[in-house]
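Worksheet: one structure, shown below.
The values are calculated or read from the model by the stated rules, or taken from the named source; none is laboratory data. These numbers come from a predicted model, not from an experiment. Note that we place each Cβ from the backbone using ideal geometry, even for glycine, and neighbour counts take in every protein chain shown. Areas reflect the complete protein model, heavy atoms only, side chains present, ligands, DNA and RNA absent. Shrake-Rupley method; radii C 1.70, N 1.55, O 1.52, S 1.80 Å.
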Amino acid sequence: MKFISFLLVFFPLSGLYANDFRIQIEGHFPGAEGQLIRLMEYNDQISYREMEIANSKIDEEGRFSMSFSRFSPQYVFFRIDHARMGFFVEPGESYSLAFDAVDFNLLDDSRNPYLNPWYFNFSLHDNASGLNDQIDQFEDLFHDFLLENFAAIRVGRNRRLFDEFKASMDSTFSEVDNEYFQAYYDYKFAYYYRAANIVNFHEQMRTHLLNRPVLYHNTQYMNFFNTVFDTYVFAGSRNITLRDLSYTVNRLNSYDALMDSLGKDTLLRNEV
């Protein structure tokens, strides 16, 4: 009886727990009837290897559905043949997508899908689109600012323009309490402060990387992370020599020795 009571209590609770992380996607794509639509994610945002999450065959009415579980918000994207289009999803949310009508018979076969890929427009029709709406609004404002000012900032090292724009954006998005968006917002600015070369490198590392969580699924965090570390070991660090790297890799062939050698740099001392 105790075991049965345990089952009655545990399984409803476990079902609720699982639903907290379930993501449901339904879509309508007129003109794509019979096509296989695949939902993808990046295995990691360093190699950007693509991995399939789910797939669905679009029925005769142009509708499809799929569901999966994730524990944190992230960017996902659809693939139909070589076409690609994406958005952000959050655990426990349901999304209803409406694609623009497309006649696949009219697509130009001579077009190179790798150099000039197809993109099919869609819109989100529910309250779960909040994160996507926030990011879209932020990106539009940021794009307009860069188009008008970035050349002057980059050439003249004019930090004041960037600081004034950030103050304006801080006010615009002050009531947004979504943690994913807040990190996306912070690291978008961090990336362009770095790109414009108007901030001290070590100061920025202390405020944005050292002793901060590694946000593997946040696209703007990883964009900033990759920019910082892409050439850091060979060109950015003053404490790591090519001789050390060559010795630990080619002579010792030792991971631990390599980690110790990289640890000469304070930014790389933390193995995470």
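Values for this structure:
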read-out: Verdict on TYR216 being surrounded by fewer than 16 Cβ atoms within 10 Å (Cβ to Cβ) and of a type in the set (Phe, Trp, Tyr); value: yes
read-out: Flag if ASN200 is in contact (Cβ under 8 Å) with a residue 12 or more places away in the chain and of a type outside the set (Lys, Arg); value: no
read-out: One residue from ASP163, ASP177, ASP108 being open to solvent by 30 Å² or more (accessible area, probe 1.4 Å) and more than 30 Å from ARG212 (Cα to Cα); value: ASP108
read-out: Test: residue in the range 120-136 that is over 17 Å from PHE64 (Cβ atoms), in a loop (DSSP other than H, G, I, E, B) and among the hydroxyl-bearing types (Ser, Thr, Tyr); value: no
read-out: Sole residue being loosely packed, with under 14 Cβ neighbours inside 10 Å and either among the acidic types (Asp, Glu) or over 22 Å from GLN134 (Cβ atoms) (or both), chosen from ASN116, ASN121, ASN55; value: ASN116
read-out: Matching residues, the range 28-51, being farther than 19 Å from TYR119 by Cβ and loosely packed, with under 12 Cβ neighbours inside 10 Å; value: GLY34, ASN43, SER47, ARG49, MET51
read-out: Residues that are surrounded by 12 or more Cβ atoms within 10 Å (Cβ to Cβ) and in contact with an Asp or Glu (Cβ under 9 Å, 6 or more places away or on another chain), drawn from the range 237-249; value: SER237, ASN239, ILE240, THR248
read-out: Yes/no for ASP81 being open to solvent by 30 Å² or more (accessible area, probe 1.4 Å), of a type outside the set (Phe, Trp, Tyr) and at negative phi; value: no
read-out: Scope the range 26-62; condition free of Cβ contacts under 8 Å to residues at least 12 places away in the same chain and over 22 Å from ASP230 (Cβ atoms); matching residues; value: MET51
read-out: Lone unmet requirement of (1) surrounded by fewer than 18 Cβ atoms within 10 Å (Cβ to Cβ); (2) closer than 22 Å to HIS208 by Cα for ILE135; value: (1)
read-out: From ILE23, ILE37, ILE46, residue being of a type outside the set (Lys, Arg) and assigned to a loop (DSSP other than H, G, I, E, B); value: ILE46
read-out: From the options THR219, THR231, THR227, THR207, residue that is in contact (Cβ under 8 Å) with a residue 40 or more places away in the chain and closer than 30 Å to ALA152 by Cβ; value: THR219
